[in-house]
Amino acid sequence: MLFLRSLLFYIGMVLATFVFSFIALLLLPLPLQQRYKIMKGWAYFILWWLKKTCNLTYQVEGIENIPKSACLILSQHQSAWETIAFQKIFPIQIWILKREILKIPFFGWAIAILKPITIDRKNIRQSMQRIIEQGKQRLAEGLWIVIYPEGTRLMPGEKKRYGIGGAMLAEKSGYPVVPVALNSGEFWPSSSFIKRPGTIKVIIGPAIDSKDKNYKQINALVEQWINDVNDVN
């Protein structure tokens, strides 16, 4: 039954992605704010469809910690779920992505119109420069930036050294950082086709002031808060 429910979910997800990709092409003449508002309808549908087909929903703690103005979100990364759900949880946002993602038919085309920051992981120096330069521009435009410092999806309980891109951008820009802990991998494992029923928990921490802190201190504060939350939960 779990397999059939998961299969039904993926069928709906693929069809929705196909439809919204063509909508994306029609939205190019519009300002980014309007493009984003329409395109995040995809995320709303996916979350609704996930609940209907797989009985998988979520709850958020710490909504009161979300600042009123642009900031950086440094979050755990356990599945594709958070890349979808954050579009509903947080204000208008962009992402730091591998350049190759934009080449994915339909999905990549839709993301391309939302001004992501694309990087080449083989060229670390150039990538850092793009993150800082374009990140400052996006933040100044009032856009939030979502970054997964672990760099890849990890199973619950796994740990990996945090990358410096997000923390470095926070140091250079002076914008605050919001840490996020979650357990999406328990229900939507990155290595499994099956989606398990239940409630994903997202915990949003108090904003960390990045002023007068270097990237090592910022990363350490984010990692310590996330580890403390996971130890309790």
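Points to keep in mind about this one:
- Scanning region 146-186 for residues that are touching a Lys or Arg at 6+ places or on another chain (Cβ under 7 Å), aliphatic (A, V, I, L, M) and in a loop (DSSP other than H, G, I, E, B) gives a single hit, Leu154.
- Check on Lys160, of a type outside the set (Val, Ile, Thr), more than 13 Å from the chain's Cα centre (by Cα) and farther than 22 Å from Asp212 by Cα: yes
- In region 190-233, residue nearest to the chain's Cα centre (by Cα) [restricted to those that are surrounded by fewer than 18 Cβ atoms within 10 Å (Cβ to Cβ) and of a type in the set (D, E, K, R)]: Lys201
- Candidates Trp144, Trp109: the one that is touching a residue at least 60 places away in the same chain (Cβ under 8 Å) and surrounded by 19 or more Cβ atoms within 10 Å (Cβ to Cβ) is Trp144.
- Which numbered condition Gln134 fails, given (1) without any contact (Cβ under 8 Å) to a residue 60 or more places away in the chain; (2) within 28 Å of Trp42 (Cα to Cα); (3) surrounded by fewer than 18 Cβ atoms within 10 Å (Cβ to Cβ): (3)
- Selection within region 164-193: residues that are under 11 Å from Trp81 (Cβ atoms) and of a type in the set (Ser, Thr, Tyr). The member of this set that is modelled with the lowest pLDDT is Ser190.
- Of Arg196, Arg153, all but one fail to be under 15 Å from Trp81 (Cα atoms) and out of contact with any Cys (no Cβ under 8 Å at 6 or more places or on another chain); the exception is Arg153.
The values are calculated or read from the model by the stated rules, or taken from the named source; none is laboratory data. Model, not experiment: these values are computed from the prediction. FYI the Cβ positions are ideal-geometry reconstructions off the backbone, even for glycines, and counts take in every protein chain you see.
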